[in-house]
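I have placed the structure first, in the form of structure tokens, so that the comments after it can refer back to it.
Derivation of every value follows stated rules applied to the coordinates shown; laboratory data play no part. Values in this document were obtained by computation on a predicted structure and should not be read as measured data. Cβ placement follows ideal geometry from the backbone for every residue including glycine, while neighbour counts extend to all protein chains displayed.
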């Protein structure tokens, strides 16, 4: 078993590639297939549901990314490559916008200010024993000063 974080996704990719017919499968260089086979998780069993489309399968994001790269390199025509480039760039821009929004310094300070305003100031009161002792002390001080 490989300690590679992509070992399970590579296994998922190989399972999907096994469903291709021989003509399509042969479009992928043997070098790529060997790389996937060498780095896959041999203990991980991934099954495809024949009744579902590939989009409906429970494929990890990493495996999906590898499949997109393989499609782009070996199966897509120029029009598909251009459309895929636009989709990937749009997804990248959306992801960056989310990051920018969540890590915005203005938002961080607003959140801190709101938390500070919501925090109630607790008034410190001495407990009954301390108050009694302080009262006795002040009484003795008054008696001694007279």
Potential extension, residue 39-residue 127 segment - 0.36 nm per residue separation minus Cα distance: 25.0 nm
Spherically averaged projected area in nm², based on the convex hull that wraps the Cα atoms of the range 21-84: 5.4 nm²
Radius of gyration and maximum dimension Dmax of the range 7-113, Cα, Å: 18.4, 62
Per-pair calculated FRET efficiency, R0 = 25 Å: residue 72 and residue 94 via Cβ, rounded to 0.05: 0.80
